[in-house]
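Participant: This is the structure I have questions about; it appears just below.
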Amino acid sequence: MIKNFIQQRDIMMISFQEIIALLPVLIIGVTVVCIMLCISFFRNHFIISSVTFFSLKLSLLSLYFTKKYGAQIVTDLVVVDNFSIFFSVLILFASLASSVLAYTWLDSYLGNREEFYLLILISVMGGILLVCTNHLVMIFLSIELLAVPLYGLIGYNYAIYSSLSASVKYIILSTISSSFLLFGIALIYAYCSTLSIIDINNNSASNVISQELFLIGLGFMIASFGFKLSLFPFHSWTADVYAGSSIPVNLFLSTVNKIAVFAMMLRIFPVMSSVCSSTKISFILVIIACFSMLFGNLIAIRQNNIKRILGYSSIAHFGYILIGLLSKQNNELSLETVGISLVSYLLSSLGIFGILSLISTFSKNRERSELFLYRGLFWDHPFLSVVFTVMILSLAGIPITLGFISKFYVIILGVHSELWWFIGSVLLSSVIGLVYYLRIIRTLYSFSSKRILCNIPWNWGITPLGMIILISFVLILFLGIYPQPLINLTQLLYK
């Protein structure tokens, strides 16, 4: 009995290196407990927000020590390597920016404000664990930890009908998505007898696996992930949720939520593809990618609400990035393409939603986001309009912006992989996307005596929100002209 107890104790012990590997999650977990205790005894928006900012920065800094100790396999559930560190940096950077936007928005919110940061931190924990997952059970737990706080974040401004309606819609569809994921995991487990990604890969050559039912299980999982990424035909929630939720939540949904889910798919899909030699799943993904690009851009043309436009634009962009899962060759090029595309999308989203938040803060129409409200912005705030224009052009993939480098990598990878239908869809959808992107730019520079004025202070650039906008602006231009530092950084994904 004593011998068994000693063996169990040795199994349960976690080494110092493994603690360092989990340091970002542990820091955020401790912060969540501290904020819960603070809310229980007293409420102070400034203190709670400051603690949140500090913990996210500290978690971001801790990744340096995580990288220093190298790759670590923490039990069978979590693996921390260069891949997970890269995407954790993107998640933490995006969540920090979302918190800054949230402080500006919550400053004038009349209800309880402190729980907003609590929900963001819990969701960030789920996102970091998701990019580190190495087990199907951990995938489900991490996705739920990421998604459940979003129910509250989307409907946080419950006094507004559209916000409450968006939250209810997301809850219902997310629950259905989770049931699809569970059913798919159950089918895979029934015929692989394991939930570990590594063991599934090792059993790929055995005859135990039933190809047909494995494909069905994988199909259910892809449907669930397609909902999280708002890919066609699982996109129906996107525009309504974007329009109904606040700008900080829009940014969080666009970046943290989608980057975490896509990174997880990028880790497990090559393993699943090696188990299943059939091309059916790849064919289905090509169809999803092509329709997401074309449908997202086509429907965005008809929108007059800038939040809905950005929602449909995100559908198209993750259709582009789906090339990283479709390429069966050039794995290194696939990872570089995905890394550059996600960084480009992240920086553009930070800049655009930051500008929308800045304008909303100093405008009388805080909860409205119709496109005409931005008419003639150039004539009152020329530099801000130029920054806004660069962000939009980056989303459109125009040269000298990082978005062009991203689109170029996508096309090159498509050519290497001989995905000609995909390349044709990329080119056609890019042309279609120019229609509504240029419409936004035209609105900014059009002159109208009835334009909506917003009294943005001249020193907006030295505020935390202004710094996020300017940093995104500078990086998009600098990396668009000289992308080598970002290319070197993305090469760490496969080293």
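The values are calculated or read from the model by the stated rules, or taken from the named source; none is laboratory data. Computed from a predicted structure; not experimentally measured. Please note: Cβ atoms are built from the backbone with ideal geometry, for glycine as well, and neighbour counts cover all protein chains shown. Ligands, DNA and RNA are excluded from the accessible area calculation, which covers all protein heavy atoms including side chains. Shrake-Rupley method; radii C 1.70, N 1.55, O 1.52, S 1.80 Å.
Participant: Here are some residues: Asn297, Asn331. Which one is within 23 Å of Ser425 (Cα to Cα), touching a residue at least 60 places away in the same chain (Cβ under 8 Å) and crowded, with 24+ Cβ neighbours inside 10 Å?
Facilitator: Numbers: Asn331 fails: crowded, with 24+ Cβ neighbours inside 10 Å.
So the residue among Asn297, Asn331 that is within 23 Å of Ser425 (Cα to Cα), touching a residue at least 60 places away in the same chain (Cβ under 8 Å) and crowded, with 24+ Cβ neighbours inside 10 Å is Asn297.
Participant: Inspect region 35-52 for any residue being modelled with pLDDT of 90 or more, in a helix (DSSP H, G or I), under 22 Å from the mean Cα position of the chain (by Cα) and within 29 Å of Met265 (Cα to Cα) and give the result as yes or no.
Facilitator: yes
Participant: Which numbered condition in (1) open to solvent by 20 Å² or more (accessible area, probe 1.4 Å); (2) within 15 Å of Leu129 (Cα to Cα); (3) in a helix (DSSP H, G or I) is the only one that Phe87 fails?
Facilitator: (1)
Participant: Then there is this: Select from region 230-260 the residues that are surrounded by fewer than 24 Cβ atoms within 10 Å (Cβ to Cβ) and part of a loop (DSSP other than H, G, I, E, B) and list them in ascending order.
Facilitator: Correct list: Phe232, Pro233, Phe234, His235, Ser236, Trp237.
Participant: Same structure again: Just to be sure, is Thr443 over 23 Å from the mean Cα position of the chain (by Cα), closer than 29 Å to Gly244 by Cα, assigned to a helix (DSSP H, G or I) and polar (S, T, N, Q)?
Facilitator: Details: over 23 Å from the mean Cα position of the chain (by Cα): yes; closer than 29 Å to Gly244 by Cα: yes; assigned to a helix (DSSP H, G or I): yes; polar (S, T, N, Q): yes.
Spelling it out, Thr443 is indeed over 23 Å from the mean Cα position of the chain (by Cα), closer than 29 Å to Gly244 by Cα, assigned to a helix (DSSP H, G or I) and polar (S, T, N, Q).
Participant: Just to be sure I understand, how many residues within region 62-83 are free of Cβ contacts under 8 Å to residues at least 60 places away in the same chain, touching a strand residue (DSSP E or B) at 6+ places or on another chain (Cβ under 8 Å) and farther than 20 Å from Gln491 by Cβ?
Facilitator: Adding up the residues that qualify gives 1.
Participant: Right, Glu114: acidic (Asp, Glu) and open to solvent by less than 20 Å² (accessible area, probe 1.4 Å) or not? Please lay out each step first, then the result.
Facilitator: Working: acidic (Asp, Glu): yes; open to solvent by less than 20 Å² (accessible area, probe 1.4 Å): yes.
Answer is yes for this residue.
Participant: Identify all residues within region 454-480 that are of a type in the set (Ser, Thr, Tyr) and in a loop (DSSP other than H, G, I, E, B); write none if there are none.
Facilitator: Restricting attention to region 454-480, the residues satisfying the condition of being of a type in the set (Ser, Thr, Tyr) are 463, 472.
Answer for region 454-480, where residues must be of a type in the set (Ser, Thr, Tyr) and in a loop (DSSP other than H, G, I, E, B): just Thr463.
Participant: Can I ask one more? Among Ile188, Ile171, Ile176, which is open to solvent by less than 10 Å² (accessible area, probe 1.4 Å) and assigned to a helix (DSSP H, G or I)?
Facilitator: Values: Ile171 fails: open to solvent by less than 10 Å² (accessible area, probe 1.4 Å); Ile176 fails: open to solvent by less than 10 Å² (accessible area, probe 1.4 Å).
When all the criteria are applied, what remains is Ile188.
Participant: Okay, next question. Condition test on Gly403, is it of a type outside the set (Phe, Trp, Tyr) and touching a Lys or Arg at 6+ places or on another chain (Cβ under 6 Å)? Let's see the steps before the verdict.
Facilitator: Details: of a type outside the set (Phe, Trp, Tyr): yes; touching a Lys or Arg at 6+ places or on another chain (Cβ under 6 Å): no.
Considered against the rule, which asks whether it is of a type outside the set (Phe, Trp, Tyr) and touching a Lys or Arg at 6+ places or on another chain (Cβ under 6 Å), Gly403 comes out as no.
Participant: Moving on. Residues in region 401-408: is at least one assigned to a helix (DSSP H, G or I), closer than 21 Å to Leu493 by Cβ, in contact with a Phe, Trp or Tyr (Cβ under 8 Å, 6 or more places away or on another chain) and open to solvent by 20 Å² or more (accessible area, probe 1.4 Å)?
Facilitator: Yes - at least one qualifying residue is present in region 401-408.
Quick grid of which residues meet (1) over 19 Å from Pro248 (Cβ atoms); (2) part of a helix (DSSP H, G or I); (3) acidic (Asp, Glu):
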residue: Leu56; (1), (2), (3): no, yes, no
residue: Lys67; (1), (2), (3): yes, yes, no
residue: Leu92; (1), (2), (3): no, yes, no
residue: Ala97; (1), (2), (3): no, yes, no
residue: Ala102; (1), (2), (3): no, yes, no
residue: Leu110; (1), (2), (3): no, no, no
residue: Tyr117; (1), (2), (3): no, yes, no
residue: Leu130; (1), (2), (3): yes, yes, no
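Participant: Only one residue in Leu92, Leu129, Leu121, Leu146 is open to solvent by 10 Å² or more (accessible area, probe 1.4 Å), within 24 Å of Leu350 (Cα to Cα), in contact with a Ser or Thr (Cβ under 7 Å, 6 or more places away or on another chain) and in contact (Cβ under 8 Å) with a residue 60 or more places away in the chain. Which one? Quick ask: steps written out before the conclusion?
Facilitator: Numbers: Leu92 fails: open to solvent by 10 Å² or more (accessible area, probe 1.4 Å); Leu121 fails: open to solvent by 10 Å² or more (accessible area, probe 1.4 Å); Leu146 fails: open to solvent by 10 Å² or more (accessible area, probe 1.4 Å).
Criteria check complete, one pass: Leu129.
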